[in-house]
1. When Leu47 is evaluated against the numbered criteria (1) open to solvent by less than 50 Å² (accessible area, probe 1.4 Å); (2) under 13 Å from the mean Cα position of the chain (by Cα), which criterion, by number, is the only one it fails?
2. Can you pull out the residues in the range 22-32 that are part of a strand (DSSP E or B) and either of a type in the set (Gly, Ala, Ser) or at pLDDT 95 or above (or both)?
3. Looking at (1) within 12 Å of Ala40 (Cβ to Cβ); (2) open to solvent by 30 Å² or more (accessible area, probe 1.4 Å), find the lone condition where Val113 falls short.
4. Collect the residues in the range 79-94 that are aliphatic (A, V, I, L, M) and either closer than 23 Å to Val33 by Cα or open to solvent by 40 Å² or more (accessible area, probe 1.4 Å) (or both), keeping them in residue-number order.
5. It is to be established whether one or more residues within the range 9-27 are more than 11 Å from the chain's Cα centre (by Cα), open to solvent by 50 Å² or more (accessible area, probe 1.4 Å), more than 21 Å from Asn103 (Cα to Cα) and without any contact (Cβ under 8 Å) to a residue 24 or more places away in the chain.
6. Among the strands (runs of 3 or more DSSP E) lying completely within the range 58-115, list those that include at least 1 residues that are free of Cβ contacts under 8 Å to residues at least 60 places away in the same chain.
7. Since Ser84 meets every condition but one in (1) at pLDDT 95 or above; (2) under 13 Å from the mean Cα position of the chain (by Cα); (3) not β-branched (Val, Ile, Thr), which condition does it not meet?
8. Checking the conditions here, which among Arg66, Arg19, Arg45 is modelled with pLDDT of 95 or more and closer than 17 Å to Trp105 by Cβ?
Amino acid sequence: QVQLVESGGGLVQPGGSLRLSCAASGSIFGFYVMGWYRQAPGKQRELVAAITSSGSTNYPDSVKGRFAISRDNAKNTFYLQMNSLKPEDTAVYYCNVLVLGRNYWGEGTLVTVSS
């Protein structure tokens, strides 16, 4: 069983930055994938960043060069650094861990990009 708790969302102006955190507790070992997803009103949930246990990362074109995922194994926490934010980045952001064939989700944190 894995529990995930996000933090760091909020209101930011266009062009600004935010860092989201996801604290994980429970059994995460072997091969796993940690990811950040977002869901805007009226839209499907989409992947914005992922990192595997080997350190490989993946980003969609919409955020490539602006977002960066990282992890701190000692703290069992992973992060999403978001720079050059745009109004279209406004969404609820969820952290996710895929391990031993099971998906675990955090409850989400709202990011609003507006002037």
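The values are calculated or read from the model by the stated rules, or taken from the named source; none is laboratory data. On a predicted model such as this, the values are computed, not experimentally measured, just so you know. Cβ atoms come from the backbone with ideal geometry, glycine included; neighbour counts cover every protein chain shown. Accessible surface is based on the protein model in full, side chains and every heavy atom, while ligands, DNA and RNA are left aside. Shrake-Rupley method; radii C 1.70, N 1.55, O 1.52, S 1.80 Å.
1. Going through the list (1) open to solvent by less than 50 Å² (accessible area, probe 1.4 Å); (2) under 13 Å from the mean Cα position of the chain (by Cα), Leu47 breaks only (1).
2. Kept after step one, since they are part of a strand (DSSP E or B), are these residues of the range 22-32: 22-26, 32.
Once the filter is applied, which keeps residues that are part of a strand (DSSP E or B) and either of a type in the set (Gly, Ala, Ser) or at pLDDT 95 or above (or both), the range 22-32 yields Cys22, Ala23, Ala24, Ser25, Gly26.
3. With respect to (1) within 12 Å of Ala40 (Cβ to Cβ); (2) open to solvent by 30 Å² or more (accessible area, probe 1.4 Å), Val113 is out only on (2).
4. Residues satisfying the conditions are Leu80, Met82, Ala91, Val92.
5. No, the range 9-27 contains no residue that is more than 11 Å from the chain's Cα centre (by Cα), open to solvent by 50 Å² or more (accessible area, probe 1.4 Å), more than 21 Å from Asn103 (Cα to Cα) and without any contact (Cβ under 8 Å) to a residue 24 or more places away in the chain.
6. Working: elements: 67-72, 77-82, 91-99, 102-105, 109-113.
In the range 58-115, 67-72, 77-82, 91-99, 102-105 are the strands (runs of 3 or more DSSP E) which contain 1 or more residues that are free of Cβ contacts under 8 Å to residues at least 60 places away in the same chain.
7. Here Ser84 clears every test but (2).
8. Details: Arg66 fails: closer than 17 Å to Trp105 by Cβ; Arg19 fails: closer than 17 Å to Trp105 by Cβ.
Only one candidate qualifies: Arg45.
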